[in-house]
Amino acid sequence: MTRFNTQLVHGLPVNDNNTGAVNPPIYNSSTYTVESVNAMPRWDYARSGNPTRDFLEKQIAQLEHGTRGFAFASGLAAIHAVLSIFKPGDRIVVGKNIYGGTYSLFNEYFAERGLEFDSVDTADYKALDAAISGRDRGGRAASAVYFETLTNPLLQINNVNRISAIAHRYGALSIVDNTFVTPYLQQPLDLGADIVIHSATKYLAGHSEVNAGLVVVLDDEVGNGIYFAQNRFGGVLAPTECNDVRRGIQTLALRMECQQRNAQAVAEYLLAHPLVRAVHYPGVYGDRNHLLAENGLKGFGGVLSFEVVPGVDPSIVLDNLHVFHLAVSLGAVESLAELPCRMTHFELPREERLKVGITDELVRLSVGIEDVSDLIEDLGQGFDKAFEALGIDGVSGQVLDRLTTEVAA
Ligand SMILES: *Cc1c(COP(=O)(O)O)cnc(C)c1O
């Protein structure tokens, strides 16, 4: 058994061609010739199965330590397929802070088709136990708990081990969206999760080129339910894009190492900046190694967020960035910046948004693999524009003092 980084590069044998090619072929075929009318072919029609997709599905199953993988045309197509294994009347306990599109899919689609959703703070284990057990609901236990390993955009850590243990106490499945963390930093199935989901659009593909979703399971029956959804809804990932994700995965370790090193440096820079009120990145608080060990993580990834001090317009900073692209999405080689309240989390009603801490001053960064000095200089000149808008010279110590005092007050 090879180690993880070696597995990323060549975890699976490439043996279905007679050319010696080091990469698996892309099978652009929607149908397959069969030998006879009575044959039971492994491949018959591409929605049901395609060898290029099969390669990627085996690849992610191996990396996530699962038994079976599934590739979908987007992260949301994957989440839709996973949720479809539940039946009307089933109750799902959901982490408070989840991806906006997932929130909308749950509450505006599945809730209208008979699934019940209970939102809970998944770091409050008492509340979580009560919600999953259903002891306030005549003892009707939940069918599953659904959460993200690192929440978006506030980077709160969800402890997969503890949350899954509570779910299993009541026979509920533990479903983890591992998009922000990737198997490089954590393999949730090893920590008790039952189903792992990825928006492979982000870190796994890693180059802002494709929309893709992946699911990995341990249990056969769960796997059969997800295969049914994949084959019947048909939201499958096309062969060329399967290959894009396969290739992206080969450099995951290199990219993620650089992204999180840069993110740590950017977070430390922001923490010291007078126009920044708060930084949300677990790497800058407390005992880093303890926090990692306690949560079974190898790192905190490349996404972080921060809040500018009141009175500063965050859009001035964002509109003046030149190295960071002003764009939604995350996890790619290039650095991206965005304003969650306007660009990614507008699906949440403002009141809900504020309740979970996504203020109007919150900026999210997805840190890429550039020279980190260029990223920091870029942010610095963006902040200088915000200083100018306040009628202040950015280097004026007096003003820095005033702003800092105001924030402290
Ligand atoms: C982007 C994202 C999704 C949705 O994935 P798509 O590929 O855009 O459909 C789901 N969960 C998280 C955490 C995401 O960041």
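Just a few scattered comments:
- Of the DSSP H helices in the chain, those whose Cα atoms cover at least 20 Å axially and whose Kyte score averages -1.0 or more: 252-271, 372-389
- Range in the chain, longest, excluding exposed chymotrypsin sites (Phe, Trp or Tyr not before Pro) [loop by DSSP; at most 15 other beta-carbon atoms within 10 Å]: 110-284
- Considering only 13, 183, 314, the Gaussian network model of the chain with Cα springs below 10 Å gives its largest mean-square fluctuation to 13.
- Residues with amide H under 5 Å from that of residue 276, placed H, sequence gap 5 or more: 309
- Non-local Lys pairs in the range 4-250, i.e. 8 or more apart or on different chains, that have alpha carbons under 27 Å apart: 5
- Whole-Å distance, taken between Cα centres, linking the range 99-150 and the range 1-39: 39
- Pairwise label distance in nanometres, residue 10 with residue 165, each label 7 Å out on the Cα-Cβ vector: 4.1
- Net charge dipole, the range 8-73: roughly 100 debye, given to the nearest 20, about the Cα centre with Cβ charges of +1 for Lys and Arg and -1 for Asp and Glu.
- Distances between placed amide hydrogens fall under 5 Å for residue 73 paired with 213, 236, 237, all partners being 5 or more residues away or on another chain.
- Segment residue 124-residue 342, extension gain: residue separation times 0.36 nm, minus the distance between their alpha carbons: 75.6 nm
- Cβ-placed point charges (K, R +1; D, E -1), dipole of the range 252-408 about Cα centre in debye, nearest 20: 460
- Each Lys or Arg adds one and each Asp or Glu subtracts one; over the other residues with Cβ under 11 Å from the Cβ of residue 92, this totals -2.
- Dipole of the range 1-71, positive direction: furthest Cα of 17, 28, 52, with charges on the beta-carbon: 52
- Inter-label distance, nm, simple model (7 Å from Cα along the C-beta direction), residue 45/residue 354: 5.3
- Placing dummy labels 7 Å off each Cα toward the beta-carbon, the span from residue 137 to residue 272 is 4.9 nm.
- At an R0 of 60 angstrom, the distance between the Cβ atoms of residue 36 and residue 87 translates into a FRET efficiency of 0.90.
- Using a Förster distance of 22 Å, the FRET efficiency for residue 209-residue 22 (Cβ separation, nearest 0.05): 0.55
- Global form of the range 252-408, assessed from the alpha-carbon gyration tensor, a/c cut-off 1.5: rounded
- Furthest towards positive pole of dipole, 61, 376, 88, structure part the chain, Cβ charges: 88
- Of the GluC sites (Glu not before Pro) in the range 8-115, those whose Cβ has at most 15 other Cβ within 10 Å and which sit in DSSP loop: 35
- Choice from 177, 121, 194 showing the highest fluctuation, given a GNM over the chain with Cα pairs closer than 10 Å: 121
- Choice from 48, 366, 143 showing the highest fluctuation, given a GNM over the chain with Cα pairs closer than 10 Å: 48
Values quoted throughout were computed directly from the atomic coordinates according to the rules given, and no laboratory measurement underlies them. None of these values were measured; they are calculated from a predicted model. Neighbour counts are summed over all protein chains in view; Cβ atoms, including those assigned to glycine, are modelled from backbone coordinates with ideal geometry.
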